[in-house]
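Notes follow the structure.
The values are calculated or read from the model by the stated rules, or taken from the named source; none is laboratory data. What you see is a predicted model, and the numbers here were worked out from it, not measured in a lab. As a convention, Cβ positions derive from the backbone with ideal geometry for all residues, glycine included, and neighbour counts pool all protein chains shown.
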Amino acid sequence: MAQHHHFLLIVFPAQGQLNPYLQFAKRLIAIGARVTLLTTVCTLRRMTYKPTIDGLTFAAFSDGYDDGFSDINDDAKVSLYCSQINRLASEALTNLITTTTTEPHPFTAVIYSFLFPCAAEVARELHLPSALMWTQPATVLNIYYYYLRGFKDYIEHNKDPNSPIKLPKLPLLTRKDLPSFLHPSNIYSFALPALEEHFRELEKEVTPTVLVNIFEALEPESLRAVDQLNTIPIGPLIPSAFLDGNDPNDVSFGGDIFRRSGGCIEWLDSKPERSVVYVSFGSLSELSERQMKEIARALSDSGRPFLWVIRDSNKRDFGVGEDFEGKGKIVNWCSQVEVLSHSSIGRCLDVVMGSGEKGEEIRRNAVKWKGLAKEAVKEGGSSDRNLRAFVNRFA
């Protein structure tokens, strides 16, 4: 029974990892399991809205940067940080698992995020099953797998952005479709060695399991593309109020590590349907001054109201006139899932927000996939069944 299970989730300290892991924890608890979520001291301190749910416990370890790691654009420092955090996470995991062995609810399994391959090794040494939870599409995971398992020369030989890339059991791709870590312009050298380590750890398992934040109908080919991996779709992992509706109060991930700006939803309420352009590059990306000015100029020229998320470290003079900010709203952070579900958000400029045939087709497609996503996560849906089957493996 699920109520006897206690899952240990270890999450890399990045907003894009934390959000789906918190939602995954809520899903596990909803079917009767207990969850302990382990992350860094700094991340836990910054989570001012962290959820208080029966069955969910938070634990933290120091990564050596309890006030936050800020050198995200320095490749050498990022690589050193990834090495250091894995060493410290390994120690924290070992201590946490061994101290709960004799308690009423010892851990059933370890679920770990990208950039924490150490978790698989610790779990194996302590005789616990483990699984990687991949928060990107299955296709991206498979592309990395093939690149690191014999297709590197083939992919790198195709330098034309439009040249076709055919990988086993995947839809036909082009060079420009590949993830940015495989582009010549990639500035982060840590990513591919980390992925290589993940795949090495998975290959040591009898049943190498990857939980993926998608649903079956979205990527049916990719989910079966790599025979060596047991890829299980359990998504989309977003708050219940926007999907199955089982918990109308679940309107936020609850893990914001940046302070939200006020007034976003009220401002959107004042705008017509599908009129607002939303711009956000996440919690890690730092855009150059030139890139920021180009975006500002495009937004100004579009004539449409905009909501632009710019962290303090990226704010600057855009050089597009004093009235620029009056055309939209610039905020430090917001609840993205609430913003994207708002009727005033129009998504893309010309095609989707326009009235042409192609725009109508894209909007119809979006509605279709939204419906399929809701079907997948509701009770008895494909993602719900997959999650319950995964948990019941440990009965």
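Give just the number: which of (1) at pLDDT below 95; (2) among the β-branched types (Val, Ile, Thr); (3) in contact with a His (Cβ under 8 Å, 6 or more places away or on another chain) does Val78 not satisfy? With respect to (1) at pLDDT below 95; (2) among the β-branched types (Val, Ile, Thr); (3) in contact with a His (Cβ under 8 Å, 6 or more places away or on another chain), Val78 is out only on (3). Output yes when any residue across the range 190-208 is modelled with pLDDT under 95, part of a loop (DSSP other than H, G, I, E, B), in contact with a helix residue (DSSP H, G or I) (Cβ under 6 Å, 6 or more places away or on another chain) and under 23 Å from Tyr81 (Cα atoms), and no when none is. Among the residues of the range 190-208, at least one is modelled with pLDDT under 95, part of a loop (DSSP other than H, G, I, E, B), in contact with a helix residue (DSSP H, G or I) (Cβ under 6 Å, 6 or more places away or on another chain) and under 23 Å from Tyr81 (Cα atoms), which makes the answer yes.
Where helices (runs of 4 or more DSSP H) fall wholly inside the range 59-164, the ranges with 2 or more residues that are acidic (Asp, Glu) and closer than 26 Å to Ser185 by Cβ are 152-157. Of the candidates Pro220, Pro208, the single residue that is free of Cβ contacts under 8 Å to residues at least 12 places away in the same chain and either assigned by TED's automatic domain parsing to the domain that holds Leu287 or under 25 Å from Val391 (Cβ atoms) (or both) is Pro220.
Within the range 322-341, does at least one residue satisfy the condition of being loosely packed, with under 15 Cβ neighbours inside 10 Å, at pLDDT below 75 and within 20 Å of the chain's Cα centre (by Cα)? Looking through the range 322-341, none of the residues is loosely packed, with under 15 Cβ neighbours inside 10 Å, at pLDDT below 75 and within 20 Å of the chain's Cα centre (by Cα). When Phe61, Phe24, Phe12 are checked against the criterion of being surrounded by 14 or more Cβ atoms within 10 Å (Cβ to Cβ), over 25 Å from Leu387 (Cβ atoms) and aromatic (Phe, Trp, Tyr), a single residue qualifies: Phe61.
Tell me whether the range 43-54 contains one or more residues that are farther than 29 Å from Val140 by Cβ and free of Cβ contacts under 8 Å to residues at least 24 places away in the same chain. Looking through the range 43-54, at least one residue is farther than 29 Å from Val140 by Cβ and free of Cβ contacts under 8 Å to residues at least 24 places away in the same chain.
Residues in the range 343-361 that are among the β-branched types (Val, Ile, Thr) and at pLDDT below 75: Val351, Val352.
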